[in-house]
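Contents: one structure, followed by commentary.
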Amino acid sequence: MRLEGSCHCGKVRFRCEAYAPVPFLHCYCSICRKTAGGGGSAVNLGARAATLEVEGREYLGVYQARIREGDGSCRTSSGRRHFCTGCGSALWLFDPDWPDLVHPHASAIDTPLPVPPERVHMLLGSRAGWVKAPDGDSDKHLDGLPRESLEDWHRRHGLLDD
Ligand SMILES: [Zn+2]
Ligand SMILES: [Zn+2]
């Protein structure tokens, strides 16, 4: 599925081909919560890095989170969170450890996205205390990470767009 996205101020526009375009996976980790804003979660999609085209590259900022380990030491996340330096909109995540993929934030996509048949709320163990994840019949809750990849979830639901 072809996705068109942009930041709020319009300095950055991008497009890409998504194999996993259904916005079902909500992440409540502290990095997503703080950098993507909103109701305490961010929603990433799966797209092919080779198809990413960007206008306004000069306005891109990149953030690599510092992650505190259990023993008190810090490491730098390999994930590169791209945002607009003009307005702060979170745009996509790229991780050189997975160079074929790019993960656009659903919040930045202007193309109407499919409505997910179920939602998975992950890393709820890191959510802010005031956040209550929706818990309807089609909501799944996970304290940690899902075992199923974005690709596997889409395949299981017959929604993979190769
Ligand atoms: Zn902007
Ligand atoms: Zn997250």
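Laboratory data are not the source of any read-out in this text; all were calculated from the coordinates shown. None of the values given here were measured: they were computed from a predicted structure. Here the Cβ positions follow ideal geometry from the backbone for every residue, glycine too, while neighbour counts run over all protein chains shown.
Couple of notes before you dig in:
- Counting DSSP beta bridges with both ends in the chain, the antiparallel % (nearest 5): 85 percent
- The share of alpha-carbon pairs in segment 72-114 lying farther apart than 13 Å comes to 64%.
- Taking the Cα centre of the chain as reference, the dipole from Cβ charges on Lys and Arg (+1) and Asp and Glu (-1) amounts to some 560 debye.
- Neighbour-count ranking [beta-carbon atoms within 10 angstrom, fewest first] of 98, 92, 153, 130: 130, 98, 153, 92
- Cut-off of 10 Å, at most 15 other beta carbons, DSSP loop: longest stretch of the chain lacking such GluC sites (Glu not before Pro): 1-68
- Antiparallel DSSP beta bridges within segment 79-162, as percent of all bridges there, nearest 5: 65 percent
- Label point at residue 75 placed 7 Å out along Cα→Cβ; residues across segment 95-117 whose backbone nitrogen lies under 15 Å: 96-98
- In the chain, one over the average inverse separation of all distinct C-alpha pairs is 16.3 Å, which is the Kirkwood hydrodynamic radius.
- Footprinting exposure proxy for 16, 74 (fewest neighbouring C-beta atoms within 10 Å first): 74, 16
- Shape category assigned to segment 5-67 from the gyration tensor of Cα positions, a/c cut at 1.5: oblate
- For 122, 1, the sequence from fewest to most other C-beta atoms within 10 Å is 1, 122.
- Taking each residue as 0.36 nm, the span from residue 131 to residue 53 lengthens on full extension beyond its C-alpha to C-alpha distance by 24.6 nm.
- Between residue 1 and residue 30, the simple spin-label model (points 7 angstrom out along Cα→Cβ) gives 3.3 nm.
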